[in-house]
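Here is the structure we will look at, set down as structure tokens.
The values are calculated or read from the model by the stated rules, or taken from the named source; none is laboratory data. Being a predicted model, the structure only gives us computed values, none of them experimental. Here the Cβ positions follow ideal geometry from the backbone for every residue, glycine too, while neighbour counts run over all protein chains shown. We work out accessible area using only protein heavy atoms, side chains counted, and drop any ligands, DNA or RNA first. Shrake-Rupley method; radii C 1.70, N 1.55, O 1.52, S 1.80 Å.
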Amino acid sequence: ILLGVINDVSEGFSRASLITNSDSKITIKILGKDTIGIAYGILNEGLRLDFISQDDKIVIGDQIITNGNDMFPSGFLLGKVSDIVLTEDGGLFKKVFIEPEFKKNNIDRVIILKQWY
């Protein structure tokens, strides 16, 4: 389960931002489907997918994972689709909302991955 990013390291402590932070952008894939997109953090509301075509077959409950096209390795679970809003104005895209997986689990241990350059 992807939780966030360490964005400040000091002697004795570090500061992290959760994936739900409004500055968060993660490339994703719908598990078991060809749909890819970008997930944006929307704080307490979870995450939102942008630029998902009206024709993409996405249903509530679909699992969302990282696709590896950014700083995150592929295959980390972000969460599940919690809501889908179709645009009524004939737009090309729909809004897809994700409930983060970490909100459902009592997490007492984490692993910090270091990015290699």
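Just one of (1) open to solvent by 80 Å² or more (accessible area, probe 1.4 Å); (2) in a strand (DSSP E or B); (3) not polar (S, T, N, Q) trips up residue 94, so point out which.
Failed condition: (1).
Looking only at residues that are in a loop (DSSP other than H, G, I, E, B) and β-branched (Val, Ile, Thr) in segment 27-76, which one is most open to solvent (accessible area, probe 1.4 Å)?
Initial filter on segment 27-76 (in a loop (DSSP other than H, G, I, E, B)): 31-35, 42, 46, 54-62, 67-76.
Among the residues that remain, those that are also β-branched (Val, Ile, Thr) are: 35, 42, 58-60.
On the way: 35: 12, 42: 35, 58: 14, 59: 79, 60: 111 Å².
By that ranking, first place goes to 60.
Residue check: is residue 50 touching a residue at least 24 places away in the same chain (Cβ under 8 Å) and in contact with a strand residue (DSSP E or B) (Cβ under 7 Å, 6 or more places away or on another chain)?
On the way: touching a residue at least 24 places away in the same chain (Cβ under 8 Å): yes; in contact with a strand residue (DSSP E or B) (Cβ under 7 Å, 6 or more places away or on another chain): yes.
For residue 50, the condition - touching a residue at least 24 places away in the same chain (Cβ under 8 Å) and in contact with a strand residue (DSSP E or B) (Cβ under 7 Å, 6 or more places away or on another chain) - is met.
Which pairs have Cβ atoms under 9 Å, sit 6 or more apart or on different chains, and link a residue in segment 79-97 that is within 14 Å of residue 52 (Cα to Cα) and of a type in the set (S, T, N, Q) to one that is at pLDDT 75 or above and open to solvent by 70 Å² or more (accessible area, probe 1.4 Å)?
Note: pairs meeting the criteria are 87/93; 87/95.
Condition check: surrounded by 13 or more Cβ atoms within 10 Å (Cβ to Cβ), under 21 Å from residue 113 (Cα atoms) and among the aliphatic types (A, V, I, L, M). Does residue 19 satisfy that? Talk me through it step by step, then tell me what you get.
Details: surrounded by 13 or more Cβ atoms within 10 Å (Cβ to Cβ): yes; under 21 Å from residue 113 (Cα atoms): yes; among the aliphatic types (A, V, I, L, M): yes.
In short, yes.
Six or more apart or on different chains, Cβ under 7 Å: which pairs go from a residue in segment 103-117 that's of a type in the set (A, V, I, L, M, F, W, C) to one that's at pLDDT 75 or above and surrounded by 10 or more Cβ atoms within 10 Å (Cβ to Cβ)? Could you list them?
Pairs that qualify, where the first residue is of a type in the set (A, V, I, L, M, F, W, C) and the partner is at pLDDT 75 or above and surrounded by 10 or more Cβ atoms within 10 Å (Cβ to Cβ), are 110/3; 112/6.
Within segment 81-88, is there a residue that is open to solvent by less than 60 Å² (accessible area, probe 1.4 Å), in a strand (DSSP E or B) and closer than 15 Å to residue 20 by Cβ?
For segment 81-88, residues open to solvent by less than 60 Å² (accessible area, probe 1.4 Å), in a strand (DSSP E or B) and closer than 15 Å to residue 20 by Cβ: present.
What residue, among those in segment 46-55 that are out of contact with any Lys or Arg (no Cβ under 7 Å at 6 or more places or on another chain) and at pLDDT 90 or above, is farthest from residue 99 (Cα to Cα)? Can you show your working first?
So in segment 46-55, the residues out of contact with any Lys or Arg (no Cβ under 7 Å at 6 or more places or on another chain) come out as 46-47, 49-51, 53, 55.
With at pLDDT 90 or above added as a condition, the list becomes 46-47, 49.
Values: 46: 5, 47: 7, 49: 11 Å.
For segment 46-55, the residue satisfying everything is 49.
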